[in-house]
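> This is the structure I have questions about; it appears just below.
The numbers here are math on the coordinates, done by the rules we state, and not lab data. All values reported here derive from a predicted model rather than from experimental measurement. Note: ideal-geometry Cβ built from the backbone for every residue, glycine included; neighbour counts use all protein chains shown.
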Amino acid sequence: MSNPQKILLSGVKPTGRPHIGNYFGALKQFVDLQDEYESFIMIADYHALTSTADATVLRQDILDVAIDYLAIGLDPEKVVIFQQSAVPEHTELAWIFNCLTTMPYLARAHAYKDALAKNKEVNVGVFTYPLLMAADILLYDADVVPVGLDQKQHVEIARDTAEKFNRAFGEIFKLPEALVFDQVKTVIGLDGQKMSKSYRNTIPLFADERELKQLVMSIVTDSKGEKEPKNPEECNVFALHRFFSAKDLSDLKRRYVNGEIGYRESKEILFNNMNEYLAPLREKRRGIATDPGRVVEILRHGSEKARARASAKMETVRRAVGVSLR
Ligand code: ADP
Ligand code: TRP
């Protein structure tokens, strides 16, 4: 159903090649929803700066995300595709949120707790990350924020922050909602843990055929022989069939349970189905990457549009908090 007045905002960090977990957890939703909402899709480059200190790599990663967005089918005529850092109002609003939020509240955020638990040296950016994300969302009066399950808490923090601001300064911000697709939840990686760049267990969305095959064949399984009955619910290969082998799923399930399929064959079927699904995206990406000038132009144009929206909102905010003398 068309609902053009509702606003969607989301984005990903430019931190390396996207994987199929990012695709099913987040990216695909951006494309599926682009006709239904007025969409703002950003490249969260200042968020990436919490974990990167290499300008050459970051520059390339930003351009790559823009190419990825176009390759999966985001239409720049319908969607505002933009770079977070090109709209300085995001960091400006984040500062105001810093002043409104208590340390103990932010200390409860999962991402921060995980970083502490891993004994990482946590920079201040990691700690206030959710407030920059709240600014990203609230500046555009977003109604919905499609994200993977692990980002849901961040959207809840944005919502709490909007409520807190509104209580203090008047009704300025809309309360956003996370859109997490139930059927997706978490895509697992080659080793059975959540697929994540930080676990090095990913299948890159744009991997070429050879890499794809090699990765699929390396998915970890138990050592059951070809003729032994297997539990599809406990199989890492089957978990990925759910995303790529809809047409074969009931047949595969039956063969697993009856001991009529070995892991090798199951992986071969998975590779073929995956390759069929991903090859057109890969081809499209290759074409787009030949004209980086056009991609930069799309980003520039999108960032201009986003900035117009954000700066108008920021005017209201400055007035509400009292720094604007007009
Ligand atoms: P990574 O864990 O590989 O660093 P990010 O944290 O950059 O991935 O995630 C980008 C987006 O993709 C987020 O919306 C996140 O929720 C989603 N996402 C990441 N990994 C998965 C996964 N394994 N399953 C589902 N969604 C995921
Ligand atoms: N934190 C998100 C991630 O790691 C990326 C992000 C930054 C984002 N700002 C956002 C997602 C605003 C949705 C809305 O994937």
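> I'd like the projected area of the stretch 42-113, averaged over all directions, using the convex hull of its alpha carbons. Report it in nm² with one decimal.
Across all orientations, the stretch 42-113 yields a mean hull projection of 6.5 nm².
> Turning to a different aspect of this structure: Quick one: Debye curve from the C-alpha atoms of the stretch 229-326, no solvent, what's log10 I(q)/I(0) at q = 0.10, 0.19, 0.22 Å⁻¹?
Summing over Cα pairs of the stretch 229-326 leads to -0.59, -0.89, -1.04.
> Which links in Lys185/Lys247; Lys13/Lys185; Lys197/Lys305; Lys197/Lys247 stretch past 25 Å when you go from one Cα to the other?
Lys197/Lys305; Lys197/Lys247
> With an 8 Å cut-off on Cα pairs and a minimum separation of 6 or more residues, tell me the relative contact order of the chain in percent.
On the way: 476 pairs, mean separation 72.0, N = 326.
Answer for the chain is 22 percent.
> While we're looking at this one, here's another question. Roughly how large, in nm² to one decimal, is the mean projection of the convex hull of the alpha-carbon atoms in the stretch 1-143?
Approximately 9.4 nm², given one-decimal rounding.
> Can you tell me the Rg and Dmax of the stretch 183-225, counting just the alpha carbons, in angstroms?
Taking only Cα atoms of the stretch 183-225, I get Rg and Dmax of 11.3, 32 Å.
> Setting aside same-chain residues fewer than 8 positions from Lys213, which aspartates and glutamates have a Cα under 18 Å from its Cα?
Once the sequence-local aspartates and glutamates are set aside, what remains near Lys213 is Asp191, Glu265, Glu268, Glu276, Glu283.
> Over what distance in Å are the Cα centres of the stretch 26-102 and the stretch 112-182 separated?
Taking the Cα centre of each part, the stretch 26-102 and the stretch 112-182 sit 14 Å apart.
> Which whole-percent values make up P(r) of the stretch 4-82 when all C-alpha to C-alpha distances are grouped in 5 Å steps starting at zero?
In order of increasing distance, the bins hold 3, 15, 28, 23, 17, 9, 4, 1 percent.
> If you don't mind, there's one more thing I want to ask. For a quick check of your reading of the filter: which GluC sites (Glu not before Pro) in the stretch 72-118 sit in a DSSP loop and have no more than 16 other Cβ atoms within 10 Å?
The qualifying sites are Glu77.
> Same structure, new question: Normalise the Cα radius of gyration of the stretch 144-216 by 2.2 N^0.38 Å (N = residues in it) and let me know the number.
Working it through for the stretch 144-216, the quotient is 1.61.
> Gap in Å between the Cα centre of the stretch 220-289 and the Cα centre of the stretch 297-326?
Computed from Cα coordinates, the inter-centre distance equals 47 Å.
> Let me ask you something else. Could you work out the per residue convex hull volume over the alpha carbons of the chain, in cubic angstrom?
About 150 Å³ per residue, rounded to a whole number.
> Cα to Cα, under 21 Å, and not fewer than 8 places away if on the same chain: which lysines meet these conditions relative to Lys164?
Lys152, Lys174, Lys313
> What full-extension length gain, to one decimal in nm, is calculated for Ala117 and Arg326 as 0.36 nm per residue of separation minus the Cα-Cα distance?
Here the answer is 70.5 nm.
> Now a separate question. Amide H of Ile43: which non-local residues (sequence gap of 5 or more, or other chain) have their own amide H closer than 5 Å, using H built in the peptide plane?
Phe82, Gln83, Gln84
> When the Cα atoms of the stretch 206-286 are enclosed in a convex hull and the volume is divided per residue, what value in Å³ results?
In the stretch 206-286, the Cα hull volume divided by residue count equals 76 Å³.
> Could you line up Ser51, Ser198 from fewest to most neighbouring Cβ atoms inside 10 Å?
Ser198, Ser51
> Taking 37 °C and 0.692 mPa s as the conditions, I'd like the Stokes-Einstein D for the stretch 91-239 in µm²/s, using the Kirkwood hydrodynamic radius from alpha carbon pairs.
Reported coefficient: 180 µm²/s.
> A further question on this structure: Once both axes come from the Cα atoms, what is the angle between helix 124-138 and the longest principal axis of the chain, in degrees from 0 to 90, rounded to 10?
80
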